[in-house]
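Heads up: the structure comes next, in structure tokens.
The values are calculated or read from the model by the stated rules, or taken from the named source; none is laboratory data. Because the structure is a prediction, the values reported are computed rather than measured. Neighbour counts are summed over all protein chains in view; Cβ atoms, including those assigned to glycine, are modelled from backbone coordinates with ideal geometry.
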Amino acid sequence: MVRNKGASGVDGMSVQELTSHIEANRDRILTDILNHRYVPQAIRGVEIPKSNGKVRLLGVPTVTDRWLQQSVSQVLMSKYELDFEDLSNFTFSQYNHRTILFFFEQN
């Protein structure tokens, strides 16, 4: 996320500020997560121009929320990536029923 120089969300925090923010607020964030009180902030809507002259709306979460999303994603990927490796040539939208069945059969 820091390498990609991600845009700031509604809080206006830049990715360069993330490390110091996490260091200062780590205990509060972790306590909120563990006590099921953490609520992600609203997303910032950004219009992205398309080649046909129209725009599409992109939702930009706060840097903290993106950091948490990435953390969860990395943990889940390390746990389940090998389970889905055999299905990697399928697209989820075409084979979602088969993929879900495979997942539940493995667990």
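The table below gives the values:
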{"read-out": "Residues that are surrounded by fewer than 12 Cβ atoms within 10 Å (Cβ to Cβ), among the small types (G, A, S) and at pLDDT 90 or above, drawn from region 4-59", "value": "S20, A24, G45, S51, G53, G59"}
{"read-out": "Any hit, region 77-91, residues being of a type outside the set (S, T, Y), under 25 Å from Q16 (Cβ atoms) and either surrounded by 13 or more Cβ atoms within 10 Å (Cβ to Cβ) or at pLDDT below 80 (or both)", "value": "no"}
{"read-out": "Total residues in region 21-44, condition under 18 Å from the mean Cα position of the chain (by Cα) and under 13 Å from T64 (Cα atoms)", "value": "10"}
{"read-out": "Pair list, Cβ under 7 Å, 6 or more apart: region 1-19 residue within 13 Å of V46 (Cβ to Cβ), other residue at pLDDT 90 or above and among the polar types (S, T, N, Q)", "value": "G9/Q41; G9/T62; V10/Q41; V10/T62"}
